[in-house]
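Novice: I'd like to ask you about the structure that follows.
Nothing in this text is a laboratory measurement; each read-out follows from the coordinates by a stated rule. Owing to the predicted nature of the structure, the values given are computational and were not obtained by experimental measurement. All Cβ positions, even for glycine, are placed from backbone atoms using ideal geometry, and neighbour counts span all protein chains on display.
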Amino acid sequence: MSRAARALIDCDALQHNLEQVRIAAPGSRVLAVIKANGYGHGIVPVARALAGADAFGVACVEEAAELREAGIDAPLVLLEGVFDAGELAYAAGHDLQIVVHSAEQLVLLEAASPARPLTVWLKVDSGMHRLGFAPEHVAGAWARLQACPAVARGVRLMTHLARADRRDTAAIHPQLDVFAEAVSELEGERSIANSGAILACPASHQQWVRPGIMLYGASPFVDGDPFADNLRPAMTLTTRLIAVNRFRRGDAVGYGGAWTCPEDMPVGVAAIGYGDGYPRHAATGTPVLVNGRRVPLIGRVSMDMICLDLRGQPEAKAGDPVVLWGDGLPVDEIARHAGTIPYELLCRVTPRVHFAEQGPR
Ligand SMILES: *Cc1c(COP(=O)(O)O)cnc(C)c1O
C-alpha cells in the first residue's frame, strides 16, 4: 500500500505544447524555461521530453548542475546569471550561458579568465524594474562585454515583460519601444517573449522566445478561456477517495466546522491536502473530479485530506479516483478558486506526492 496522491507527467503533452510554441512563433528559436524543477514537473524528465527545444533556461547554478549531472548536454542559460567567481567558473566549465543584468556581474566577468569564453545575454530593464541595465546604460555594458576576453562573440540582448498576462497587448508595447530604442545601435540576437507574449504579441517574437507556463499546458492569461490556445495539461494531480460518510442536516464538516450540511447527504474524503501542495486557500465550491465528474470541495482543506460534497454522486465509494487538476480540469480554474496563479500551484506540489511519467506514445 502507498499513499494515493500522484502527479502524472504527460511527456506527450509537453511535446505537443512545444509544438504549439513553434506554431505561434515559427521564425524564432525556443529557449524552454524549466526553472523551479520544471515548474514542479521534474526538471530532468521535462528536459528529456522537451529535447526538441533549442536551449533551456534555469534560474540558478544548482538547477543547471542537476541537468548536467543527468547527462543533459543541451545549451543551458542561467536566467539570473552568476553571483560569484565560483559560480562563474562552474558556468564556464559546464558550458552554461549566462545572463548579465548588473554592474557587479560585469566586473566578475572582467576579472575572470576562463578556459573558454562564455555566451552572454545582456539583460535590459525595459520597464519591469526588477533586473537589468537601465536603457541609458545598455550601450556601455554591451561595449564592455564585447571587449571582455571571457565573453564569446555575439552578445545576445534580452528583456522581460511585466504585463504579458492579458490577451490585450496594449500594456506590452511601451516596453517593446523602450527595448528597441535601447538596443537600436547594437548587434546581437534578441529575446523578449514569455508565454503570454508568444501567444498574444507576434511583434515580440524576435530571434528567441522563452516559453515557460504554456509548455506545461496552463494558460499565461489571467483572463479568458484556459482551453483557448490548444495546450494540453502536462501534470494531472490525482488521488482516491478514502471514505464516504453520510451526515445529517446541520452537521459541520472539517476544521472550524466551516461548512454545514444543508440536508442529509454523503460527504467524500479524498487523500490530498496542503501537505501535498493542494492549496489551503481553495474555497468551498472549488471543483474536483470524482470518477471523472465534477463535485464541489466543502469546508477547509486539511494537511492530508479534503472533503467533497457527493450529493451529485451518491454512488461514489472509497477507492474511487479523484482528479484535483490536469486532464479534464484546468489548473487555471483551481488557481482562480484559490486566489493564485497556475504557476504557483504547479511549482508547489510536494515530494510526498509520487511522480510518474507517461508517454510519449
Ligand atoms: C520564468 C521566465 C520566463 C517564462 O515565463 P512564462 O510566463 O512562464 O512563459 C521567461 N523569461 C524569463 C527571464 C523568466 O524568468
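Novice: Would you please state which residues of region 270-286 a label at Ala252 would reach in this model, taking the label point 7 Å out along Cα→Cβ and a backbone N cut-off of under 18 Å?
Specialist: 284
Novice: Still on this structure, please answer the following. So for the chain: antiparallel DSSP bridges make up what percent, rounded to the nearest 5?
Specialist: If I count the DSSP bridges inside the chain, around 50 percent turn out antiparallel.
Novice: Still on this model: Let me make sure I get this right: for region 36-192, a, b and c are the square roots of the gyration tensor eigenvalues over alpha carbons, sorted descending. Under 1.5 in a/c it's rounded, otherwise prolate if a/b > b/c, else oblate. Which is it?
Specialist: Oblate, since a/c reaches 1.5 and b/c is not below a/b.
Novice: While we're looking at this one, here's another question. May I ask you to work out the translational diffusion coefficient for the chain at 20 °C, viscosity 1.002 mPa s, via Stokes-Einstein with Rh from the Kirkwood sum over Cα pairs, reported in whole µm²/s?
Specialist: Result for D is 97 µm²/s.
Novice: Quick one: length gained pulling Asp225 to Arg130 fully straight, 0.36 nm per residue minus the C-alpha distance?
Specialist: Length difference between fully extended and current span is 31.3 nm.
Novice: Given the rule -39500 (n - 2.57) for each run of at least 4 DSSP H residues, summed and divided by the residues of the chain, what is its mean residue ellipticity at 222 nm, to the nearest 500 deg cm²/dmol?
Specialist: For the chain, the value works out to -7000 deg cm²/dmol.
Novice: Computed over the Cα atoms, what is the radius of gyration of region 109-268 divided by 2.2 N^0.38 Å, N being its residue count?
Specialist: 1.64
Novice: How far apart, in nm, are two points set 7 Å out from the Cα along the Cα-to-Cβ line at Arg116 and at Gln358?
Specialist: 3.9 nm
Novice: List every residue whose amide H lies under 5 Å from the amide H of Asp320, counting only residues 5 or more places away in sequence or on a different chain, with H placed 1.01 Å from N in the peptide plane.
Specialist: Result for Asp320 returns Leu241.
Novice: Would you please put 198-205, 248-255 in order of how densely packed they are, using the mean number of other Cβ atoms within 10 angstrom per residue and starting with the highest?
Specialist: So the order, starting with the most tightly packed, is 198-205, 248-255.
Novice: How many angstrom lie between the C-alpha centres of region 96-138 and region 154-230?
Specialist: 20 Å
Novice: How big is region 33-99 on each of its three principal axes, counting only the C-alpha atoms and giving the largest first in Å?
Specialist: Cα spread of region 33-99 along its principal axes, largest to smallest: 32, 20, 19 Å.
Novice: Still on this model: For a quick size check, give me the Cα extents of region 258-333 along its three principal axes, largest first, whole Å.
Specialist: That works out to 31, 26, 21 Å along the principal axes.
Novice: Counting only residues 5 or more places away or on other chains, whose amide H sits under 5 Å from the amide H of Leu76 once H atoms are built in the peptide plane?
Specialist: Phe56, Gln97
Novice: Then there is this: Provide the FRET efficiency to the nearest 0.05 for the Glu189-Glu66 pair, computing r from the beta carbons and using R0 = 45 Å.
Specialist: 0.95
Novice: On to the next question. With the cut-off at 22 Å, report for region 158-231 the share of all Cα pairs above it, as a whole percent.
Specialist: 21 percent
Novice: ³J(HN,Hα) across region 39-50 via Karplus (A = 6.51, B = -1.76, C = 1.60, θ = phi - 60°), whole Hz, x for Gly/Pro?
Specialist: Along region 39-50, the couplings run 6, x, 8, x, 5, 6, x, 5, 4, 5, 5, 9 Hz.
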